[in-house]
1. Step by step: first the residues of the range 37-57, then only those that are among the β-branched types (Val, Ile, Thr) and surrounded by 14 or more Cβ atoms within 10 Å (Cβ to Cβ), then the one that is modelled with the lowest pLDDT. Which residue is that?
2. Does Ala197 fit the bill of being in contact (Cβ under 8 Å) with a residue 40 or more places away in the chain and surrounded by fewer than 21 Cβ atoms within 10 Å (Cβ to Cβ)?
3. Given the condition within 21 Å of Phe191 (Cα to Cα), over 13 Å from the mean Cα position of the chain (by Cα), modelled with pLDDT of 95 or more and not in a strand (DSSP E or B), answer yes or no: does some residue in the range 278-287 qualify?
4. Given the condition modelled with pLDDT of 65 or more, under 30 Å from Leu61 (Cβ atoms) and open to solvent by 100 Å² or more (accessible area, probe 1.4 Å), answer yes or no: does some residue in the range 1-22 qualify?
5. Could you please find all residues in the range 276-295 being in contact with a strand residue (DSSP E or B) (Cβ under 8 Å, 6 or more places away or on another chain) and open to solvent by 40 Å² or more (accessible area, probe 1.4 Å)?
6. Consider Ala273 carefully, then state whether it is open to solvent by less than 10 Å² (accessible area, probe 1.4 Å) and more than 18 Å from the chain's Cα centre (by Cα).
7. Which pairs have Cβ atoms under 7 Å, sit 6 or more apart or on different chains, and link a residue in the range 156-177 that is on the phi > 0 side of the Ramachandran plot to one that is acidic (Asp, Glu) and surrounded by 20 or more Cβ atoms within 10 Å (Cβ to Cβ)?
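The values are calculated or read from the model by the stated rules, or taken from the named source; none is laboratory data. Predicted model only: the values in this text are computed from it and were never measured. Using ideal geometry, Cβ is built from the backbone for each residue, glycine included, and neighbour counts are taken over all protein chains shown. Remember, those area values only see protein heavy atoms, side chains included, never the ligands or the DNA or RNA. Shrake-Rupley method; radii C 1.70, N 1.55, O 1.52, S 1.80 Å.
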Amino acid sequence: MSGFETNGVKMSNKYKPIDLSKLKTHSIHDRKNRSNIHQTPLLTGKNATAEELIFSFPNYLGASAFKNVVKAICVAHQNDKPVIVAFGAHVLKVGCGPILIDLIQRGIIKGLVCNGACAIHDVELALFGETSEDVAETIQNGSFGMIKETFDFFNKAVKEADWGLGFSIGNLLIQHKASYRHRSVFAESVFAESVFAGIPICVQVAIGTDTIHVSPDMDGGALGDASMYDFRVVCDMVSDLGSKEGSDIGGVWLNIGSAVILPEVFLKAVSVARNLGVNLDNMVTANFDMIQHYRPHQNVVTRPVKKGNGYEITGHHEIMLPLLRQAIIDNIGEKSL
């Protein structure tokens, strides 16, 4: 290798500045461009509705996905196709339960699926007005999860779960609500509202993950049977997301804040539906979460659906869900209840 020396440092001349004057150029008019002024609408005025605000977002990436999800939900609702919401416990802990309740009351949500933690938080919020202990503190002395009232409620709900765990919890809450008629303690419950509205709410339990599983009176066999009943209902709900022959309208599955359990449940239910001959090609799915995880991406947004029918919406539930609710309401033209 030849070179030269300067100030005692050997320099190689194998590489030298390339001659850029030989580059070939072409016109911007011959290029396929991904960004243009037509995808950047004018900002709305101060009296804009939520729908107008959202549809004024630049039509790219997350904003585009959000608009498409709103549209899919509204189209499904207007064509009597179900919108099913699978949600994790954090959705309730950050105060979004009333949003789900409102959408149930409006007939937009046709079914719900959750994990065991959701049920615990919903029950505690309904009966006692508060939930979610400081785990870092209570785990130090072994008091974490050892709540007598919660144990008693769920032991009873499991024993009476002939029609599934979700129904039993909601039905028992409705009974409690009657006894709280003259008190302000009882708050609205997603479970109670689902049962009252006559739509399924299914609890998919992973044994050992919920505080109530350490109750000495918990019947593990009955708990498993009740959750298995609910899983088979989930399979039927997923089957209803398919489009009928000659229709291009499918239902919508929203996975909100569940990174592992509910995406896995959904994947198995999709397989059951397709094994039984259901056409799910026009089903639409979306994953709402603060960060995107492997299983929701694979098991909700990509694997189960036709390319282009799965969406990922990243953001805090306490921001995204109020926006989603209001955009739906404005789009379908329903007044506040």
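1. Selected residue: Thr44.
2. yes
3. no
4. No: zero hits.
5. Those that are in contact with a strand residue (DSSP E or B) (Cβ under 8 Å, 6 or more places away or on another chain) and open to solvent by 40 Å² or more (accessible area, probe 1.4 Å): Met290, Ile291, Gln292.
6. yes
7. Every condition considered, the pairs that remain are Gly164/Asp230.
Residue-by-condition table, conditions (1) open to solvent by 50 Å² or more (accessible area, probe 1.4 Å); (2) closer than 29 Å to Pro82 by Cα; (3) in contact with a Ser or Thr (Cβ under 8 Å, 6 or more places away or on another chain):
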position	(1), (2), (3)
Gly107	no, yes, no
Asn115	no, yes, yes
Asp122	no, yes, yes
Ala126	no, yes, yes
Asp134	yes, no, no
Asn141	yes, no, no
Val158	no, yes, yes
Gln175	yes, yes, no
Glu193	no, yes, no
